[in-house]
Amino acid sequence: MSGRWYGPGVVAVVVLATVGACGTPSERRDGVTAQLTRFERALDAGQRQRLCAALAPSTREELEQSTKRRCAQAIGEQNLPAAGAVRRVDVYGEQARAVLDHDTVFLAHFPTGWKVTAAGCRPRPQRPYQCEIKAG
């Protein structure tokens, strides 16, 4: 017997597990808000290692390359604002934007959870956001 008879069932289980891992829109927004809260608390407390751990790999790499310093040192030199309260969270699949009182933060979902891809972002009319920390 070739074993092909259970192939479609295995595929269906994998698809359902993948779709289920994404969560409902509300669950994804809650996940973004939780990560954002951890990021802001680490920023307020000056916990640079936690800030670095919250960054997406490409964002951390860009920060280190552009400043020629390790993340923990470089992130402390960035002009990140005290962001204030979360006003709005928009989730688009695996990407999210969180608008706070004094900042806009972008995040992406990774297997380990939500990670910050850009922070210290200010909107500019008819142009992309200007961000203090971002991927290259």
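The table for this structure:
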item: Residue match in segment 110-132 (condition: free of Cβ contacts under 8 Å to residues at least 40 places away in the same chain, among the acidic types (Asp, Glu) and either open to solvent by 40 Å² or more (accessible area, probe 1.4 Å) or closer than 17 Å to Arg28 by Cβ (or both)); result: no
item: Residue list for segment 78-101, filter: surrounded by 12 or more Cβ atoms within 10 Å (Cβ to Cβ) and not in a strand (DSSP E or B); result: Gln78, Leu80, Pro81, Ala83, Glu94
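The values are calculated or read from the model by the stated rules, or taken from the named source; none is laboratory data. Source: prediction; values computed, not measured. Backbone-built Cβ (ideal geometry, glycine too); neighbour counts: all protein chains shown. Just so you know, the surface numbers come from the protein's heavy atoms only, side chains and all, with ligands and any DNA or RNA stripped out. Shrake-Rupley method; radii C 1.70, N 1.55, O 1.52, S 1.80 Å.
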